[in-house]
Amino acid sequence: MRALPLLRLSSLLLLAGCTNRAGLQKLIASDSAVIPPNTVMLSQMMRELSAQPGFTDKLLGYINHGEKNGAFLTPELFDTFRKIVLGRDWSGLDRFPGWTIHRVTLTVHFGEGLLNKNSDSAKTNDIAAAVDKVHLGQYALDKSIAESLDTPSDRPGFSTDGLVTQLSDRVTNGDGADPKLAPLHSESARLAEVMNRLSLNGFASAAPFTASIGGHTAASPQELVQALVATGHTVTVADARYFANFGHFHYDGKDVEMPFYLDSGYTVPVDHWWQRRRPLLVPVSHAEYEWIVSGPKINADVTFYFGIDGRAEFRTNDQLNQPWVMGRHAHVYTGADAVEVTRLTASMMRAYANLHAAHPGLPFGGYYTLGVCQDVVGAIEMRMTGRTTLFPNTARTEFFHDQPDAEVTRLMEAVPKDTNGNAPSAERVFGSLPTADMNAITVPGLHDDLLRSKAAWQVGKLHRRVVVRAQTLTFAGLAVATGLVLWLMRSRRSKR
């Protein structure tokens, strides 16, 4: 999981979330969650290193300029992060940013509007910009190639080059090899490139591309899945969910817990009516499809998602996740269902290629405006199961009319939207989590909140938070003032 600068939005918008920092620290300290071994929270790392000359500036500069850090930071989000760090608000780091998805949307669309005014994101047909958003390896779009998968892949093995960066003698960024998946990297890399290139058959003026194995020839990813099964391979497609890792940092060899929190729109249940209610903040989750292939010739693990890097593509899946991000397969597809999910995913990838060609100037490569990782997975989940259990979804689906696949447009329009300020269904809040067992959550301060909230939801007692807007307060104030004036006038008359 992983830009054009936007102008900072006015500070009239207040940071949502838990403003009682002392209360938050007490909540985290009293939470019964057991943090994973060899793991620290971001606040601990920053508290200990902030006195080190130059480290804070180096960290902020790295986060502000990297596209692969796992964070989605508009300039206002980054400015908020910077103020928390420089203000030494360590408990604030442990719930950063705590915004509603509606507020995040405002910062993205503000910058998008500026680009539109400058005609930077006007409709074009920039095929080069679209192809640049897809990793094709040695398979050029304008070359007709018949690739054989009968021989072992010639791609290099796993390497941390470009993935792991040493920020100081105590801090690194980036994750190393997953011991189970990294040995498959060579085959996974070739399979991802092949599936990307097959998906682009029919895009623009792409030359025909085929892949063959065991005498079976495929001109699309779904046909390749069928060919793999026909040649004795097992192919499973999993709908996978994880907590998104905002930082991918390691401190003194320890993993750093660094979730990215959103205000769900619900309140955490309390024991007594007089207790202060606080918003249910949940870490953003990452959703993707994973192709797990095993057989006589190919053993690989490939994933697909629309990422912060602006790429909607098949990728290798062999970096080691930090334990706190957890992970679960919400759905597992085999046989004809695996073929259908593959077909729909390839259609989505082609649609994004068309959208990148039509709108090459969208901020963040179109990420957020054209959706986040959840949108594509949720749209396909809805087609396959009749419902979606993912949050948040952000795609502005009017853009999808600028690509020719009407099926993709319908799929994206059917997904619930979360950018209008309304709370999502609780089913989607809990369905996005990387575990169905709230006792397994290892993030302090989150574990107990989720236990309380899920229990309340299951008996119909989880409540959406009532949002009182400025206009409401103004009218309420006028009504109270008017009533007070009338009461005083009546009181004076009664005394005469």
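Some observations on this one:
- Residue-wise HN-Hα coupling along segment 391-407, computed from phi with Karplus coefficients 6.51, -1.76, 1.60 (Hz; x: Gly, Pro): 8, x, 10, 10, 4, 7, 6, 5, 5, 6, 6, 8, 9, x, 8, 5, 5
- Taking 0.36 nm per residue of sequence separation and removing the Cα-Cα distance, the D405/A440 pair yields an extension gain of 8.5 nm.
- Cα gyration tensor shape of segment 122-184, rounded if a/c is under 1.5, else prolate or oblate by comparing a/b with b/c: oblate
- Fewest neighbouring Cβ atoms within 10 Å first, the residues E413, E340, E187 line up as E413, E340, E187.
- Amide H to amide H, with H built 1.01 Å from N, W99 comes under 5 Å of D263, counting only residues 5 or more places away or on other chains.
- Ranked T419, T151, criterion: other C-beta atoms within 10 Å, fewest first: T151, T419
- Between S168 and V466, the modelled labels are 4.7 nm apart [label points 7 Å from Cα along Cα→Cβ].
- Taking amide hydrogens as placed 1.01 Å from N in the peptide plane, the amide H of H331 sits under 5 Å from those of D239, each at least 5 positions away in sequence or on another chain.
- Packing-based exposure ordering (other Cβ within 10 Å, fewest first) of W273, W324: W273, W324
- Cα shape, segment 351-460, gyration tensor, a/c 1.5 rule: prolate
- Between A219 and Q275, the FRET efficiency from the beta-carbon distance, with R0 = 56 Å, is close to 0.35.
- Rounded to the nearest Hz, the phi-derived 3J(HN,Hα) couplings of segment 325-336 under the Karplus curve 6.51 cos²θ - 1.76 cosθ + 1.60 (θ = phi - 60°) are 6, 6, x, 8, 9, 5, 9, 10, 10, 9, x, 5, where x marks glycine and proline.
- Under Karplus coefficients 6.51, -1.76 and 1.60, residue-wise ³J(HN,Hα) of segment 370-383 in Hz, glycine/proline x: 9, x, 10, 4, 5, 4, 5, 4, x, 5, 6, 4, 5, 5
Every read-out reported here was derived from the displayed coordinates using simple, explicitly stated rules and does not represent laboratory data. Note that the structure is a prediction, hence the values are computed from the model and not measured. Note: ideal-geometry Cβ built from the backbone for every residue, glycine included; neighbour counts use all protein chains shown.
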